[in-house]
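**Q** Before I ask anything, let me first share the structure, which is written out below as structure tokens.
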Amino acid sequence: METQVPDLAALDAFAQRFAPRLRPGSVVALHGSLGAGKTAFVRALVRCLHGSDDAVSSPTFVFRQLYGGDPPVEHLDLYRVDDPAEIDDLGLEDAFAPDRITVVEWPERAPTLLPPDTIVIGIRGSGDGPRTITLPDLPRG
């Protein structure tokens, strides 16, 4: 499925409509260039699932953030991973526990980390302009 959104506010609304389809154990891979809105997408997911997005920020410098709630949301940002071999040293495997939703930015930097049933979402565009979002067709939750 491919859809167009005119701006970041519409990207936020789209992510909030998408969030209820996720269940504990879901893994979402977010592809997109710098400024595409990946972290904004995560912020909207967390707000929808937990009622607040106060703690959401790009975890680029720490690689991983855990947002408590029901279910917990793991937010991985692999932008600074230069070599997929580094992933073993980061100990991120437990972020994919069955009791949580895991969202990965820059998943192409660690393709072997993701389970086969990962939901892959692409976001094209940047700044205040329109975005094109691609994602698989999912059953309504």
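The values are calculated or read from the model by the stated rules, or taken from the named source; none is laboratory data. In this text, all values refer to a predicted model and were calculated from it rather than measured experimentally. All Cβ positions, even for glycine, are placed from backbone atoms using ideal geometry, and neighbour counts span all protein chains on display. What goes into the accessible areas is simple: the full protein's heavy atoms, side chains included, and nothing from ligands, DNA or RNA. Shrake-Rupley method; radii C 1.70, N 1.55, O 1.52, S 1.80 Å.
**Q** Looking only at the stretch 15-25, which residues are open to solvent by 20 Å² or more (accessible area, probe 1.4 Å) and either touching a residue at least 60 places away in the same chain (Cβ under 8 Å) or among the polar types (S, T, N, Q) (or both)?
**A** Looking only at the stretch 15-25, we keep the residues that are open to solvent by 20 Å² or more (accessible area, probe 1.4 Å), and these are 16-17, 20-21, 23-25.
Selection gives 16, 20, 21, 23, 24, 25.
**Q** Go through the stretch 121-141 residue by residue and tally those that are open to solvent by less than 80 Å² (accessible area, probe 1.4 Å) and either over 26 Å from residue 68 (Cα atoms) or in contact with a helix residue (DSSP H, G or I) (Cβ under 8 Å, 6 or more places away or on another chain) (or both).
**A** Residues of the stretch 121-141 open to solvent by less than 80 Å² (accessible area, probe 1.4 Å): 121-123, 125-127, 129, 131-136, 138, 141.
Keeping just the survivors that are either over 26 Å from residue 68 (Cα atoms) or in contact with a helix residue (DSSP H, G or I) (Cβ under 8 Å, 6 or more places away or on another chain) (or both) gives 121, 123, 125-127, 129, 131-136, 138, 141.
The total comes to 14.
**Q** Right, something else. When residue 62 is evaluated against the numbered criteria (1) open to solvent by 40 Å² or more (accessible area, probe 1.4 Å); (2) at pLDDT 90 or above; (3) of a type in the set (Val, Ile, Thr), which criterion, by number, is the only one it fails?
**A** Among (1) open to solvent by 40 Å² or more (accessible area, probe 1.4 Å); (2) at pLDDT 90 or above; (3) of a type in the set (Val, Ile, Thr), residue 62 violates only (2).
**Q** Shifting gears a bit: Within the stretch 1-16, can one find any residue that is under 20 Å from residue 129 (Cβ atoms), among the hydrophobic types (A, V, I, L, M, F, W, C) and touching a Gly at 6+ places or on another chain (Cβ under 8 Å)?
**A** Checked the stretch 1-16: at least one residue is under 20 Å from residue 129 (Cβ atoms), among the hydrophobic types (A, V, I, L, M, F, W, C) and touching a Gly at 6+ places or on another chain (Cβ under 8 Å).
**Q** Return the residues of the stretch 65-78 that are open to solvent by less than 30 Å² (accessible area, probe 1.4 Å) and assigned to a strand (DSSP E or B); say none if nothing qualifies.
**A** Of the residues in the stretch 65-78, the ones open to solvent by less than 30 Å² (accessible area, probe 1.4 Å) are 67, 71-78.
Result: 67, 73, 74, 75, 76, 77.
**Q** Looking for something modelled with pLDDT of 90 or more, assigned to a helix (DSSP H, G or I), out of contact with any Phe, Trp or Tyr (no Cβ under 8 Å at 6 or more places or on another chain) and basic (Lys, Arg) - is there at least one such residue anywhere in the stretch 41-51?
**A** yes
**Q** In the stretch 79-94, is there at least one residue being of a type in the set (Lys, Arg), open to solvent by 60 Å² or more (accessible area, probe 1.4 Å) and more than 12 Å from the chain's Cα centre (by Cα)?
**A** Yes, that holds for at least one residue.
**Q** Something else now. How do the pairs read when you match residues in the stretch 84-112 that are closer than 25 Å to residue 49 by Cβ and in a loop (DSSP other than H, G, I, E, B) with residues anywhere that are modelled with pLDDT under 90 and of a type in the set (Lys, Arg), using Cβ under 8 Å and keeping only pairs 6 or more apart or on different chains?
**A** Close Cβ pairs satisfying both conditions: 92/64.
**Q** Given the structure, is residue 102 of a type in the set (Ser, Thr, Tyr) and either under 25 Å from residue 40 (Cβ atoms) or touching a Gly at 6+ places or on another chain (Cβ under 7 Å) (or both)?
**A** On the way: of a type in the set (Ser, Thr, Tyr): yes; either under 25 Å from residue 40 (Cβ atoms) or touching a Gly at 6+ places or on another chain (Cβ under 7 Å) (or both): yes.
Here the answer is yes, as residue 102 does meet what is asked.
**Q** Scan the stretch 109-117 and tell me whether some residue there is surrounded by 19 or more Cβ atoms within 10 Å (Cβ to Cβ), farther than 25 Å from residue 6 by Cβ and touching a Ser or Thr at 6+ places or on another chain (Cβ under 7 Å).
**A** No; the residues of the stretch 109-117 include none that is surrounded by 19 or more Cβ atoms within 10 Å (Cβ to Cβ), farther than 25 Å from residue 6 by Cβ and touching a Ser or Thr at 6+ places or on another chain (Cβ under 7 Å).
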